[in-house]
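The values are calculated or read from the model by the stated rules, or taken from the named source; none is laboratory data. Computed from a prediction, not measured in an experiment: that's the story for all the values here. Don't worry about glycine lacking a Cβ; one is built from the backbone with ideal geometry, like all the others, and counts go over all protein chains shown. Side chains are part of the model used for accessible areas, which takes the heavy atoms of the whole protein and leaves out ligands, DNA and RNA. Shrake-Rupley method; radii C 1.70, N 1.55, O 1.52, S 1.80 Å.
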Amino acid sequence: MNPTEDQIYVIIFATLFLGGIMSTFVISMVFIHRQRQVQNRQKMDQIKSEHEKTLLNIENEIQQETLTYIGRELHDNIGQLLSLAKLNFGSLKENKREEGKEILSQAIQEVRGLSKQLNLDWVETLSINEFIAQQLERIQNTGFCEASLEADLELLDLPKDHKLVLIRVIQESLNNAIKHASPDKIHVSIYENGSSKHILIKDDGKGFDTSQDSQGSGMFNLRKRMETIGGQFELNSVIGKGTEITLTLPN
Amino acid sequence: MDSRLLEAFNHWFTISSNLLVMVGLIFFIKLPKSQKTNIKFWFPFIILAFTVSYENLGAYTNYNFEFKKSVNAFLGNIEYPRFNLWLYNVTERQIGALLFLGLIRMWLAPSQKRYITWMMYAFLAVVLFLKLTGMELMYLHQPIIFALGANMILIGCGLYFIGIITQEQYLESNPLKLISFWLMTFIMFTFSLSYISSVTLLYLYFVNPVLGKFLQNIGNFMTLMNLGVLTLTIASPFLPIQFEKEPSYESN
C-alpha cells in the first residue's frame, strides 16, 4: 500500500466516520426527545392530578365549613326562632299566636336559605364580590370587628375551579385574621393594576413574624393553591401592625 | 441553440435543481397570502431561488469561457482563467452561509436566537477582514471562510437539536413530522460532508479523479436534498398528514 492509497483510505474513512457521527447524533436526539416527551407527559399528568386533588380538597373544606355554619345557624338562629314560635303558639293571646306565625315563616325562610348552601351550586351563581360581601357581613354581624369591602371591578366569568380556590383562600385568610389576629378592622379591596386583577385582604390585628414555620405552613398551603390556578399569593405582616394578603388572579 | 450551452446545463444536478425551484415557485404562488408573507415560507423560497440561480450562473460560466476569464481578470486572476471559484466563494460560502444561519435562527427559541445573530456579525466581520487584508483571495479557495461558515451552521443546527429536547413546545410534537427537523438534519449532513469534500477535492482530482468525482457527486446530491427539503418546507401547508404544524415560541 503506497502513501497515496493510504490518504485515499483516510479520506473515505473520515467521510464515513463523519456521516456516522452525524447519523448517531440525529438518532440520539430523536431518542432523547422521545424519553423527555414521556417524562413531560408524566409531569403534566401529575400536575393535572394534583390540581384535581387540590380542587377536591377545597370542595370538601368548603362543604365542611358550610356544615359548621349550618350547624351554628340551626342552633343559634333557627333553634331560637322555633323555640320562640313554640312559646308564642302556647299563649292564649291572639296577637302572640300571630307573632308566632310570623316567626315560623321567618324560620322557614332561614331553612330555605340554609338548604341552598348544602351543595356547591351556589358557587356558580354567586360572584366573588358577592361572596366577599357576604363573608364580611357575617363577620360584621357577629360584632367581632368592623369589616368593609371596596371594589373597583366586578369579578365575573371566572371558571368554577378558579372560583372554588379563590373562595377557599379568601375564607381561610379571613378565618385566620379572626382566629389569630384579633383585629379591630378587616378591609378587603378588589382592584385592577394594568392587566392583572388583585384582591387585597388587610387587617390591623396583631400581625406575625412571617419567617416562623408554624405560621408559614398554612400560608404555604394557600400560596400553593393559588399557584395551581396560575395565580399568586403574597403575604406581608409586621408584628403589631397587622397583615396584608394580596391575591393576584390568573390572567 | 449552441451545443455547448446545452452541454453546460445538461447535468443531472442542474436539471433537478431547476425542476425543484419550479415546483417551489408553484407551491409558493399557491400559498395563502398570510403564509406568503410569513418568513417561515418566503425565506426558504429565497434560499431555494438564490441557490438555483448561482448554480445556473455557475453552469453558464462553464459555457461562456470569455465571461469567466474577464471576471477572473477583473479580480486579478490571470493564472487560472478557467476557475469560477469567485462565484461560489461569494454566493455559496458567504451569502449562502449567512442565509442558512438566518434560516436556522428562524427556528430557534428567542433565547438562542441572539447567539446566531452574534455569529452572523462575527462571520461578516471575519470575511471583511480576510478580504481586505488579502489573506483569502476571492478567486481562490477560501478554507478559513468556508470552515468558519460551516462550523457556525453546525453549531446553529446543534442549538436547534438542543431546543427540540428542552423546549416544551417541541416536546409536545413528533420531530419526525416536523419540516424544521428534516431541514436541520439535511443542512447538518450537507455542511459536514461538504467539509471533507472541500478539503480533499483538489487533492483527489489529482491522485484519484474517480473518487474525486464521486465525492463531488455526494456533495451535489446533498445540496439537491437540501433544496428538496426547502421545497417541501414551502409545500408543507399542503401536506398536513405528513407534516405537523411547527411549534411556535411567539406565545412565550
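R0 = 41 Å: FRET efficiency of B:Lys30 with B:Val210, Cβ-based, nearest 0.05?
Between B:Lys30 and B:Val210 the formula returns 0.45.
GNM, chain B, Cα, under 10 Å: largest mean-square fluctuation among B:Leu204, B:Leu98, B:Leu31?
Between B:Leu204, B:Leu98, B:Leu31, it is B:Leu204 that shows the largest mean-square fluctuation.
Quick one: what are the phi-derived ³J(HN,Hα) couplings along the stretch A:152-159, Karplus 6.51/-1.76/1.60 with θ = phi - 60°, whole Hz, x for glycine and proline?
8, 8, 9, 8, 10, 6, 8, x
Could you give the nm distance between label points at A:Thr4 and A:Ala151, where each point is 7 Å from its Cα heading toward the beta carbon?
Going by the 7 Å Cα→Cβ label model, 9.3 nm.
Report the charge-dipole magnitude of the protein assembly as shown in Debye, nearest 20, computed about the Cα centre from +1 at each Lys and Arg Cβ and -1 at each Asp and Glu Cβ. Provide the component values of the computation, followed by the final result.
Numbers: 43 positive and 47 negative charges, 285 e Å.
It works out to roughly 1360 debye.
What order, most packed first, do the peptides B:142-153, B:182-193 have when packing is the mean number of other Cβ atoms within 10 Å of each residue? Let's see the in-between values first.
On the way: B:142-153: 19.4, B:182-193: 21.9.
The peptides rank, most packed first, as B:182-193, B:142-153.
Straight distance only, please: which lysines reach the Cα of A:Lys185 with their own Cα at less than 28 Å, same-chain residues fewer than 8 apart left out?
A:Lys163, A:Lys197, A:Lys202, A:Lys206, A:Lys224, A:Lys241
In the protein assembly as shown, with Lys and Arg counted as +1 and Asp and Glu as -1 at Cβ, which of these residues, B:Pro175, A:Gln63, A:Gly90, has the Cα nearest the positive end of the dipole, that is, farthest along it?
So the residue we want is B:Pro175.
Treating the beta-carbon of each Lys and Arg as +1 and of each Asp and Glu as -1, no other charges, what is the dipole magnitude of the stretch A:120-251 about its Cα centre, to the nearest 20 debye? Numbers along the way, then the final one.
Working: 13 positive and 20 negative charges, 80 e Å.
It comes to approximately 380 debye.
Work out the FRET efficiency for B:Asn217 and A:Ile239 from their Cβ-Cβ distance, taking R0 = 56 Å, and round it to the nearest 0.05. It would help to have the intermediate numbers written out before the result.
Numbers: r = 82 Å, r/R0 = 1.46.
Efficiency, rounded to the nearest 0.05: 0.10.
Charges at C-beta only: +1 for Lys and Arg, -1 for Asp and Glu. How large is the resulting dipole of the stretch B:153-252 about its Cα centre, in Debye rounded to 20? Please list the in-between numbers first.
On the way: 3 positive and 5 negative charges, 91 e Å.
Dipole size: approximately 440 debye.
Compute the FRET efficiency between A:Leu200 and A:His51 as 1/(1 + (r/R0)^6), taking r as their Cβ-Cβ distance and R0 = 30 Å, and round to the nearest 0.05.
0.75
Pairs of Cα atoms under 8 Å, at least six residues apart: use those to get the relative contact order of the stretch A:120-251, whole percent.
Reported as a whole number, the value is 22 percent.
Read phi for every residue in the stretch B:16-29 and hand back ³J(HN,Hα) as whole Hz from Karplus 6.51 cos²θ - 1.76 cosθ + 1.60, θ = phi - 60°, with x for Gly and Pro.
These are the phi-based 3J(HN,Hα) values: 4, 5, 5, 5, 4, 5, 5, 4, x, 5, 4, 5, 5, 5 Hz.
Positive end of the dipole of the stretch A:120-251, charges at C-beta (+1 Lys, Arg; -1 Asp, Glu), about the Cα centre: which of A:Gly205, A:Leu149, A:Gly218 has its Cα farthest in that direction?
A:Gly218
Can you tell me what the convex hull of the Cα atoms of the stretch A:120-251 projects to on average, as an area in nm²?
7.8
Where only protein heavy atoms count, and the probe is 1.4 Å, what is the accessible area per residue for the protein assembly as shown in Å²? Before the final figure, lay out each step's value.
Working: 27860 Å² over 503 residues.
I get 55 Å² per residue for this part.
Between A:Thr24 and A:Ile70, 0.36 nm times their residue separation minus their Cα-Cα distance comes to what? Present the calculation step by step, with values, prior to reporting the outcome.
Details: separation 46, 0.36 × 46 = 16.56 nm, distance 6.81 nm.
Additional length available on full extension: 9.8 nm.
Using protein chains only (no ligands, no nucleic acids) and a 1.4 Å probe, work out which residues of the stretch A:24-44 have their accessible area cut by at least 30 Å² relative to the chain alone.
Buried-area filter returns A:Phe25, A:Val26, A:Met29, A:Val30, A:His33, A:Arg34, A:Arg36, A:Gln37, A:Asn40.
B:Thr117 versus A:Asn95, label points 7 Å from Cα toward the beta carbon: distance in nm?
Placing both labels 7 Å along Cα→Cβ, they lie 8.7 nm apart.
In nm, to one decimal, how far is the A:Asp184 label point from the A:Leu118 one, both placed 7 Å along Cα→Cβ?
Label-label distance for A:Asp184 and A:Leu118, simple model: 4.3 nm.
With all protein chains present, how much of the accessible area of the stretch A:100-251 (probe radius 1.4 Å) comes from carbon and sulfur, to the nearest whole percent?
Values: 3720 of 8190 Å².
Carbon and sulfur: 45 percent of the exposed surface of the stretch A:100-251.
Between helix A:94-116 and chain A, what is the angle of the helix's C-alpha long axis to the longest principal axis, kept within 0 to 90° and rounded to the nearest 10?
Helix A:94-116 sits at roughly 0 degrees to that axis.
Quick check on the protein assembly as shown: helices-only [θ] at 222 nm, where DSSP H runs of length 4 and up contribute -39,500 (n - 2.57) each and the sum goes over total residues. Nearest 500, please. Walk me through the numbers on the way to the answer.
Details: 19 runs with 347 residues, N = 503.
Calculated mean residue ellipticity at 222 nm is -23500 deg cm²/dmol.
For chain B, which span is the longest to avoid every loop-located (per DSSP) member of trypsin sites (Lys or Arg not before Pro) having at most 14 other Cβ atoms inside 10 Å?
Numbers: sites that count: B:Arg82, B:Lys245.
So the longest stretch without any such site is B:83-244.
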